[in-house]
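In what follows, a structure is listed as structure tokens, so that the remarks can point back to it.
Only the coordinates and a few stated rules stand behind these numbers; no lab work does. Bear in mind the structure is a predicted one, so any value in this text is a computation, not a measurement. For neighbour counting, all protein chains shown are included, and Cβ atoms are generated from backbone atoms with ideal geometry for every residue, glycine included.
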Amino acid sequence: MPFQQPHVPSDGSVPGGPGGADGSPGGDLQPQAPTEPVLVAIGDISVTGSRVFTPSGTRPLGEVSWTVTDGSVTTTSIPAWAIVCAIIGFFLFLIGLLFLLVKETTTRGAMQVTVFGPGFVHTTNIPVTSQAQVIDINARVNHARMLAAAYATPQASPGYQTPGTTGQERGLGT
């Protein structure tokens, strides 16, 4: 009897397979798209005013914390063209040695950004090729941290009193 390929529906699901009714391994979990405007994006992580969206799932903004690991390396060296010009300039003008003062700074590596909360971790690696990109990623994560802190802070309402106030105004002259 020849081998027969099992029937697979056109949508790619496996009937009676593991997972949910649609056959996906995660059951009925589907990546959600933000319904609010995205305020900051860090790699494949998107942050709105109230939620964090990742390929691993979504979480409320007040429940997550952020870490950044800088894996970039910045080196300073004399570029090859400056060495060639210094050698040629030395024989012709003697002033060519000034080309050896030229320095070139290069940055290589990746930054790792991790967002985590109760029962949730997502890490993204972002390649960097300049010091400006390192500064930008750090600024984006700090902005996301600020949004999370603002989201977790209780909002002022008519019945809300800040700590240390009694709700009564004090007169200075009485």
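Just rank Glu63, Glu104, fewest to most, by other beta-carbon atoms within 10 angstrom. Spell out each step's value before the answer.
Working: Glu63 16, Glu104 12.
Placing the least packed residue first, the sequence is Glu104, Glu63.
What are the ³J(HN,Hα) values, in whole Hz, obtained from phi via the Karplus relation 6.51 cos²θ - 1.76 cosθ + 1.60 with θ = phi - 60°, for each residue of segment 76-86 in sequence order, with x given for Gly and Pro?
10, 8, 8, x, 4, 5, 6, 5, 4, 5, 5
Taking θ as phi - 60°, what are the ³J(HN,Hα) couplings along segment 40-56 by the Karplus curve (6.51, -1.76, 1.60), each to the nearest whole Hz, with x for Gly and Pro?
Here the 3J(HN,Hα) series is 8, 10, 10, x, 9, 9, 10, 10, 9, x, 9, 9, 10, 10, 9, x, 7 Hz.
Return Trp81, Trp66 ranked ascending by Cβ neighbour count within 10 Å, so the fewest neighbours appear first. Present the calculation step by step, with values, prior to reporting the outcome.
Details: Trp81 11, Trp66 18.
Lowest count first: Trp81, Trp66.
For a label point 7 angstrom out from the Cα of Ala80 toward its Cβ, which stretches of segment 98-136 have the backbone nitrogen within less than 18 Å?
100, 102-107, by backbone N distance to the label point.
Given axes a ≥ b ≥ c from the Cα gyration tensor, I'd like to know whether segment 40-149 is rounded (a/c under 1.5), prolate (a/b larger than b/c) or oblate. Don't skip to the answer; put the middle values down first.
Details: a/c = 5.29, a/b = 4.13, b/c = 1.28.
Prolate, since a/c reaches 1.5 and a/b exceeds b/c.
Could you grab the relative contact order for segment 40-149? Cα pairs under 8 Å, six or more apart, rounded to a whole percent.
Working: 184 pairs, mean separation 33.6, N = 110.
Taking the mean separation of contacting Cα pairs over the length of segment 40-149, I get 31 percent.
Quick one: Karplus J couplings for segment 143-148, per residue in order, coefficients 6.51, -1.76, 1.60, θ = phi - 60°, nearest Hz, x for Gly and Pro?
In residue order, the calculated couplings are 5, 5, 4, 5, 5, 5 Hz.
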